[in-house]
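The values are calculated or read from the model by the stated rules, or taken from the named source; none is laboratory data. Bear in mind the structure is a predicted one, so any value in this text is a computation, not a measurement. Cβ placement follows ideal geometry from the backbone for every residue including glycine, while neighbour counts extend to all protein chains displayed. Quick note on the areas: whole protein, heavy atoms, side chains included, nothing else; ligands and nucleic acids left out. Shrake-Rupley method; radii C 1.70, N 1.55, O 1.52, S 1.80 Å.
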Amino acid sequence: MVSAGEQLFVSARRVAVEAVRQHVEQAAFLWAQRDSWGQKDPPDETVIGEIGERIEINLDGLRIAGAAAWPAAERQLKDFPDKGEFFVIGWMAIEQGDPSRMEEGVAAAKDVDERRGLIGAMGWHKPAKIAHLVRDWLVAPDAFKRYLAVGACLEHGVDPSKLLDRLVNDPDATTRAFALRLAGRLKRADLAREMASALESGHGIVRLWAGWALTELGSGDLARAELRKAAVAGGPDALTALRGAIKAGPDKDVRSWMGGLMKSAATAPLAVRGIGMLGDRAILPWLIERMKEPNVAVAACAAFLELFPEARAETKMFTVDPTDLGPAFAEFFDDELVGVAVPDRVESWRAQNRVA
């Protein structure tokens, strides 16, 4: 028979293990949620910041647990090899200075081609904490590691100096594209020739980020055609291409291009979203009319939120159930849940606040 004292001891250990498991699960879930919020159009920085605070609370629990948290983290990764779980594994390996665990995490991520979590883990730590990893991985034979290292530089806005000269010509297309993105962010004018050359690449992702980088340098005239092509083609980076094409200008030409896009049902949402990127708040009455059209309602809502971020607080102006807006919306969206604005409420908000 177990004594009362022994029962208390066993119970305390069980609760501690369960608490660690919950910290692992919550950190993984919250980081994945935060990352997904960051990819929304446009992102809500307030929500992202609040989730970040909750992540840090759970990471504090893992700091206290130390190496004792590994069994829970490894089980979680085995069951759910997703970006949030890789974030936790990568963050813990860096936090505890465990290179073998980091290598295992990289190998597992490579097997499922999951990159965001490990880059997020490196971004969460201070640059000095990951500097040795980044230096080694920037010149690693493994393209996956080079990609992660460039991603870490992007997260922190760090310039790898001469190494970037090589990376913008990397034989791996995804790494090369990421390096071009970094060069553009850093405004590395000395790499303009490499950016222009990359516009001739056989890989669309390389051409897109080369064009974006040139636009950041003020040479959008060289990239305009490629960026517009990428925007119209769609895909995960279409909005990046659209924003770059708008920045490439000139303004009159951009407006004419978007006017042409409005003539086709297939490209009208792109045009409506792009109009929101122009920064002209006087366009609101026109946007409200577009909110009434199912085909462009999602784009109109996103454009509105970019132009008027203060409107996010008025939650009653929005719905994630388009059927609320009537039969035409119900037919167009079916059972799909997407964020749209309620036109009448936006109009009331505009009148009350004397906007545009």
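Tabulated data
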quantity: Computed [θ] at 222 nm, helices only, for the chain once each DSSP H run of length n ≥ 4 contributes -39500 (n - 2.57); calculated: -22000 deg cm²/dmol
quantity: Label-to-label distance, nm, for residues given as ALA189 and THR46 (7 Å Cα→Cβ offset); calculated: 4.0 nm
quantity: Two-site FRET efficiency, ASP165 against VAL112, from Cβ-Cβ distance with R₀ of 22 Å, rounded to 0.05; calculated: 0.10
quantity: Tensor-based shape of segment 232-300 (alpha-carbon gyration tensor, a/c under 1.5 rounded, otherwise prolate or oblate); calculated: oblate
quantity: Anchor LYS252: aspartates and glutamates whose Cα lies under 17 Å away (excluding residues fewer than 8 positions away in-chain); calculated: ASP221, ASP280
quantity: Of LYS229/LYS292; LYS83/LYS187; LYS40/LYS145; LYS292/LYS316; LYS162/LYS187, pairs whose Cα-Cα distance is over 18 Å; calculated: LYS229/LYS292; LYS83/LYS187; LYS40/LYS145
quantity: The chain shape via C-alpha gyration tensor axes, a/c threshold 1.5; calculated: oblate
quantity: Estimated inter-spin distance, GLU314 and ASN295, nm [label 7 Å along Cα→Cβ]; calculated: 2.8 nm
quantity: Spin-label zone in segment 60-81 - amide nitrogen under 18 Å from a point set 7 Å from the Cα of GLN22 along the C-beta vector; calculated: 60-66, 69-70, 72-73, 76
quantity: Percent of Cα-Cα distances greater than 20 Å, calculated over segment 210-356; calculated: 49 percent
quantity: Cβ charges +1 (Lys, Arg) and -1 (Asp, Glu), total dipole of segment 16-77, debye; calculated: 260 debye
quantity: For segment 150-224, alpha-carbon Rg relative to the globular expectation (2.2 N^0.38 Å, N residues); calculated: 0.94
quantity: Inter-label distance for ARG135 and LYS263, nm, one decimal - labels placed 7 Å from Cα along Cα-to-Cβ; calculated: 5.9 nm
quantity: Shape call, segment 150-283: gyration tensor on alpha carbons, a/c limit 1.5; calculated: prolate
quantity: Carbon and sulfur %, accessible surface of the chain computed with the full protein complex present, 1.4 Å; calculated: 53 percent
quantity: Descending semi-axes in whole angstrom, ellipsoid equivalent of segment 25-98, from the Cα gyration tensor; calculated: 23, 14, 9
quantity: Cα centre as origin, Lys/Arg/Asp/Glu Cβ charges: segment 131-235 dipole, Debye; calculated: 140 debye
quantity: Extreme residue, positive dipole direction of segment 215-339, given options ALA230, MET317, PRO327 (C-beta unit charges); calculated: ALA230
quantity: Accessible surface, per residue, of the chain when the full set of protein chains is kept, probe 1.4 Å, Å²; calculated: 51 Å²
quantity: Total charge dipole magnitude, the chain, about the Cα centre, Cβ charges on Lys, Arg, Asp, Glu only, Debye to nearest 20; calculated: 980 debye
